[in-house]
Every structure is written in structure tokens, then in C-alpha cells.
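Worksheet: the structure to be examined is printed underneath.
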């Protein structure tokens, strides 16, 4: 579903050249839940932005569901993002002049055909906000805004959901609720989920943990596979 080949991200700060990501390579199969963790400045949010096509690598290749997004024109890239990726930001990024229902509906209107109103209402119901559909973001709590953002990310049924510290601004109860909603989507719809977090408890729920340090992958923990003897015993 996602393939990264020797990706570098370099920025020029005056005379200083800063390597944010150094020769990153990884493959994420469809349906996997991956947590990307690391200290502040390790490059984890930069990597997520590159995977989502929100930024371009300095070198290397990024493929999403068979599409090479590293060299696409912006118009084509926007179309791929709109159909294949639901993105959840730490700061919610809701449009303040739109109601909760209109915020959820927006990606559908931009990327799909027909009416998505029933789907948007159903998604708000699924995140516990059916009664808040006509409220504006300023009238919603942080936890409610993030649940609206989740519903918005799900509305076009993208095969990939990416989340950048989605629980970072929430208290523990709301953070757990948001995480449970993401996990439910991952399990029921087999959505590929890539999540950046600094919270070890959130990372523990993932199928796989990728640890970044100084722009490099220093650990890549896959799910434990049973040993052949163990498989034979259970067979």
C-alpha cells in the first residue's frame, strides 16, 4: 500500500544544509496499523507529510497504492490525496465557517460524485455527534472537534488514514475515544493506518512501531510471528 525508497528531505537554512530525513526506506502493507515514534525533531511529522503528499522529498521515491506521488504535478497529486488518504491533524483543521456536518461533507463534495449527506450524518452518528451536526467548530470542545475531523477523514472511505498526533491536544478520556475510533476503522474496513505519536501507550496498540532518531529509522518492530513449532502445535 505504501512504499518508500531511499527518501531524503533536506532544507537549506542560509549557508547551512539540514538533513531532516536520511535515506528512509520502508514498506507498509494494506491494512497494517503503524505507529511512528521518536523525540521532537526526529523527523516523524516530516515523514508523515511526505507519505501524505503534503510535501515533496528532496530525493527518493514514494508510492501510494501503486501511484508514484514523488513526481506528480500538484493537480494530479491533489486528486490522489483526495481519493486515497484521510488525514487527521493534531490541531483538527476544521473550517470555522462550516458546521460539523458541512466539514465532514467537504472531502466528499471535492472528490466524489452524488450526495454524501446521508453518509456524513451516519459518520457523525458513529462518532457520537449526531446531535451536534449543525454546530460550528467554535461551539465544540476539543474532543468533539477531533471526532468531527475523524468523520471527515473517513467520508470518502480512503484506503489509507494518516494521523499526526491525533490525541496530543486531548485529555486521556477523549484521547482514548479518538484512538478507539481509529482502531475500529482499521479493523472493520481494513484501512491502512499510519499514526505519528509521542505517547508510548498509543504506540503499544499498533501492529508495528517505527522509531526515528535524527532522521533515520533506528527500530522497526513488526508483530511477533509464531515459531514454526508453535504453528504446528496449533495446526
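Readers should treat all values here as calculations from the given coordinates under stated rules, not as data from a laboratory. Predicted model, so just to flag it, every value in this text is computed and none were measured.
Going by the alpha-carbon gyration tensor, a ≥ b ≥ c the square roots of its eigenvalues, is the stretch 1-137 rounded (a/c under 1.5) or, if a/c is not under 1.5, prolate (a/b greater than b/c) versus oblate?
Numbers: a/c = 2.16, a/b = 1.85, b/c = 1.17.
Because a/c hits 1.5 or more and a/b exceeds b/c, the stretch 1-137 counts as prolate.
Most fluctuating residue of 66, 49, 116 in a GNM of the chain with Cα springs under 10 Å: which is it?
Looking only at 66, 49, 116, the largest GNM fluctuation is found for 66.
Which whole-number percentage describes the relative contact order of the stretch 80-235, with Cα contacts under 8 Å and a sequence gap of 6 or more?
Taking the mean separation of contacting Cα pairs over the length of the stretch 80-235, I get 23 percent.
Based on the alpha-carbon gyration tensor of the stretch 101-166 and its eigenvalue square roots a ≥ b ≥ c, which shape applies: rounded if a/c is under 1.5, prolate if not and a/b is larger than b/c, or oblate?
oblate
Return the whole-Å distance between the Cα centroid of the stretch 1-76 and the Cα centroid of the stretch 99-130.
29 Å
Could you work out the equivalent-ellipsoid semi-axes for the stretch 14-56, taking the square root of 5 times each eigenvalue of the Cα gyration tensor, largest first, in whole Å?
Taking √(5λ) for each Cα gyration eigenvalue gives 23, 12, 10 Å.
Springs between alpha-carbon pairs under 10 angstrom, Gaussian network model over the chain: which of 197, 97, 167 fluctuates most?
97
Which percent, to the nearest 5, of DSSP beta bridges fully inside the stretch 2-234 are antiparallel?
55 percent
Give the Kirkwood hydrodynamic radius (Å, one decimal) of the stretch 117-222, defined as one over the mean of 1/r across all pairs of different Cα atoms. Show your work: numbers first, answer last.
Values: mean 1/r = 0.0675 Å⁻¹.
Result for the stretch 117-222 stands at 14.8 Å.
Compute the Cα gyration tensor for the stretch 50-122, then decide on rounded, prolate or oblate, letting a ≥ b ≥ c be the square roots of its eigenvalues: rounded whenever a/c is under 1.5, prolate when a/b is larger than b/c in the other cases, and oblate in all that remain. Can you show the working numbers first?
Working: a/c = 2.81, a/b = 1.84, b/c = 1.53.
Prolate.
Who wins for biggest fluctuation among 73, 189, 39 in a Gaussian network model of the chain, springs between alpha carbons below 10 Å?
Looking only at 73, 189, 39, the largest GNM fluctuation is found for 73.
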